[in-house]
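The block underneath contains the structure these notes are about, expressed in structure tokens.
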Amino acid sequence: MSKILNIGSLNLDYVYAVPHFVEPGETLLSGRRGVFPGGKGLNQTVAAARAGAKVYHGGAVGVDGDMLLDLLRSAGADVSAVARVDVPTGHAIIQVSPQGENAIIILGGANRAVSPETVEKALDKVEKGDILLLQNEINGLDPIIRRAAEKGLRILFNPAPMEAAVKELPLHLLDTLVVNEGEGKALAGDMDALRAAYPDQKILLTKGSRGASLWTGAELLFQPAFPVKTVDTTAAGDCFLGYYAAALAEDLPYADALRLATAASALAVQRQGAAPSIPVRSEVEAFLKGTY
Ligand code: RIB
């Protein structure tokens, strides 16, 4: 079984239930606020660990980051490559609508203070053929991708949150580019153009309630979503990717990996919050057997 390293963000999520997303000039009353562990990196690590993978997390938190490290440890992840820095922990302000949709503002904080030494310490945890998960919420992605490719890691990169600078990254060194439709469009215009621009990369397109598609060379796989009642979609994509990576680490065929990841995110959207919504493997297996 391969190991998984995630050099990724760790956020405190301030989640506000709102009747609708706040509009320009509007002051909106929220009926409820929760504080949850989150960050795309942390969510993916928790998902991979709850799926049963051996996972290492690299990154940075401030003095206020204990809740995040405790959660990662309790999920079974190794956090010895998470540095404590003199910058407040990253955070997210998340509005959740009655339909379960979200709108998110993030402040990078410690996630933008990941040092080259921390990156090296994290990369030392894994070997050639192991999997590296990355998102666009930490600093220093360009050298991380180059060092990881030199080491022979399989890099799965989700360019969220999307910004123009992502196009300047050495994406041709990735194993898999993981995008939603908005990110794919921002990177290349449409999926055909994206596949033409990165012919040597697998491309995994997540479409929420419309399922997921995976291009591996000439082959296209499609996994429909499972119809469920959505409460909160926060971290559903992260849950999907963490489970997908764990399935690859087990050498499951791509079609099985997509099915497992889709089932995991179907459970996550039925629960509130980011990391707390991520199911354990036995729940996902039971859901797939129809016994959940
Ligand atoms: O993908 C969901 C995550 O995005 C939240 O947990 C929030 O912290 C932001 O990083």
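Taken together, the values in this text are just the output of simple stated rules run on the coordinates, not laboratory data. These figures come from a predicted structure and were not determined experimentally. Cβ atoms come from the backbone with ideal geometry, glycine included; neighbour counts cover every protein chain shown.
Just a few scattered comments:
- Fully extended contour minus Cα-Cα distance, from R112 to L220, at 0.36 nm per residue: 35.3 nm
- Using R0 = 35 Å, the C-beta based FRET efficiency linking Y14 and E120 works out to 0.60.
- Span-like helix ranges in the chain, DSSP H, alpha carbon extent 18 angstrom or more, Kyte mean at least -1.0: 236-249, 254-268
- Phi angles of the range 200-217 translate, via the Karplus equation with coefficients 6.51, -1.76, 1.60 and θ = phi - 60°, into HN-Hα couplings of 9, 9, 6, 10, 10, 9, 9, 10, x, 5, 9, x, 9, 10, 10, 9, 10, x Hz per residue; Gly and Pro are given as x.
- With a simple spin-label model that places each label point 7 Å from the Cα along the Cα-to-Cβ direction, the separation between D66 and H172 comes to 4.9 nm.
- Top positive-direction residue, dipole computed over the chain with Cβ charges, set A245, G184, A263: A263
- Between the C-alpha center of the range 211-261 and that of the range 1-70 there is a gap of 20 Å.
- Cβ-Cβ FRET estimate between A164 and V87, R0 fixed at 30 Å, reported to 0.05: 0.75
- Dividing the helix sum by the residues of the chain, where each DSSP H run of 4 or more adds -39500 (n - 2.57), gives a mean residue ellipticity at 222 nm of -9500 deg cm²/dmol.
- Percentage relative contact order, the chain, counting C-alpha pairs under 8 Å, at least six apart: 20 percent
- Dimensions (Å) - the chain, Cα atoms, principal axes, largest first: 50, 45, 39
- Residues whose amide H lies under 5 Å from that of A81, counting only those 5 or more places away or on a different chain, are H57; hydrogens are built 1.01 Å from N in the peptide plane.
- Karplus-based coupling profile of the range 100-110, in residue order and whole Hz: x, 7, 10, 9, 10, 10, 10, 10, x, x, 4, with θ = phi - 60° in 6.51 cos²θ - 1.76 cosθ + 1.60 and x standing for Gly or Pro.
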